[in-house]
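The block underneath contains the structure these notes are about, expressed in structure tokens.
The values are calculated or read from the model by the stated rules, or taken from the named source; none is laboratory data. Note that this is a predicted model, so its numbers are computed, not measured. A quick note on method: Cβ atoms are made from the backbone with ideal geometry, for glycine too, and the neighbour counts reach across all protein chains shown. Please note that ligands, DNA and RNA were not included when accessible areas were found on the heavy atoms of the full protein model with its side chains. Shrake-Rupley method; radii C 1.70, N 1.55, O 1.52, S 1.80 Å.
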Amino acid sequence: MHDRKDLTLPTTWITGSPTRLASVKVAEDEQSSPVSIVILAKDEERCIARCLDSVIGQDFDDIIVLDTGSTDNTAYIVGDYIAHGVRLLRTPWANSFAHARNRGIDAVGRGWIVFLDADEWLTEEAARRLRPCLMSLSRLENVSRLTFAPEIVHVDRGEYTHDLPRIFKADSAIRFRGQVHEYPVIAQGSPTPVEVITIDIQMNHDGYSPAVVMDKNKRKRNLDLLAAARLDDPDNPRWWYFTVRDGLAVHDHSELLSLCERLKELAGRPTDTGDRRSARDYYRLALGSACQRLSAVGDWLTVYRNCEDLPEADAFYFRTIRELLGGMVTGAGLIEAIRRRSDEELTTESVVDPSGRHLDAVIVALLEQLNQGTKSKKYRELCAPWTDSFFEESRLRPHYRQRSL
């Protein structure tokens, strides 16, 4: 029996729950675990040096660049870092990001594995704090069944991701599934969902800036891989949802409705995918995205029909947008918007934006339409900007504003 003592960790939380892990039980005699950085790369001459510069000289035990078939100067650039302890591991691209990540896990073998993509980099503070943080986490009970998510800052979009698991023990049963938008599961018998804990370590990312997306043709790549995933694993709602999300700008009306119907069908029966999200979750997420597209092209009949399957905050959002466009705004509607925005439980259930920025944008627009320009400006200044089909930085886009006047 191990002796136990309390260990106070940096502020962390389990994704989907505000529960704070202020104090946990730890094992006194847990041995120090090596920390390995694994960087996935293919044709990343634009950014691979930046990524490597952020991790060399930081007392990590191993730094591996897993190259899946670069034809540009990526491998030559990595060669300049061999003297700093960086290893270049070449593996053929198997049309699967899960395959590549699992290859990295096998290459590490034991201890902590930290995945970075080549278009990501650690902040200086994060690189310094990462190893001590993981040494503390090594002492958690059942750590081999846990994954940890850094805060990923999408510097080109001003957005954050807090629930993408990138860190875990390589000598666990955790492996990835899926050709793209891959996810970790505990791969013992039937796949079991992992638990994800967000940690206060920041990674920066710029791989989805418009120029990079176009240059690497990421939309086509993702949709092709998702088509293969749906073929291999047709009852997994994850692949149908991401097909909606990644192809939102290119799917025609009938394709979008068909994809949502498939998700609705899957939501009505049990699935055994090892994913943390349920089929119902994915259906609602897809519906939130689809309603954005359908309302933008004027199919309000379908939007209204599907609002009953959306969280209350999102159904209210779409209905109020329609009222704004039709010039039907009232003071009562503004009061109702404020009531919903102030209800934290309603807001966090949103699939459009759990932070409630879309409702903030609606309040700004309602104030403006009710000739409360000064209040509208002050409220906008208090809120994080919201951009979607109807708003740009919480301002109703000009062609929609003119339509409602």
If a residue must be closer than 25 Å to ARG322 by Cα, open to solvent by 10 Å² or more (accessible area, probe 1.4 Å) and more than 17 Å from the chain's Cα centre (by Cα), how many such residues does segment 275-301 contain?
8
Report every pair of residues separated by at least 6 positions or lying on different chains whose Cβ atoms are under 7 Å apart, first residue within segment 346-364 and without any contact (Cβ under 8 Å) to a residue 12 or more places away in the chain, second open to solvent by 10 Å² or more (accessible area, probe 1.4 Å) and basic (Lys, Arg).
none
Can you give me the ranges of the strands (runs of 3 or more DSSP E) entirely in segment 70-128 with at least 1 residues that are under 20 Å from ASP163 (Cβ atoms)?
112-117, 120-122
Among (1) farther than 25 Å from THR348 by Cα; (2) open to solvent by 10 Å² or more (accessible area, probe 1.4 Å); (3) of a type in the set (A, V, I, L, M, F, W, C), which single condition is LEU226 missing?
(2)
So, in segment 302-320, exactly how many residues are within 21 Å of PHE242 (Cα to Cα) and either open to solvent by 20 Å² or more (accessible area, probe 1.4 Å) or in contact (Cβ under 8 Å) with a residue 60 or more places away in the chain (or both)?
2
Single residue of ARG139, ARG166 found to be crowded, with 18+ Cβ neighbours inside 10 Å and more than 17 Å from ASP200 (Cβ to Cβ):
ARG139
Residue count, segment 262-274, condition open to solvent by 20 Å² or more (accessible area, probe 1.4 Å), in contact with a helix residue (DSSP H, G or I) (Cβ under 8 Å, 6 or more places away or on another chain) and in contact (Cβ under 8 Å) with a residue 24 or more places away in the chain, comes to 3
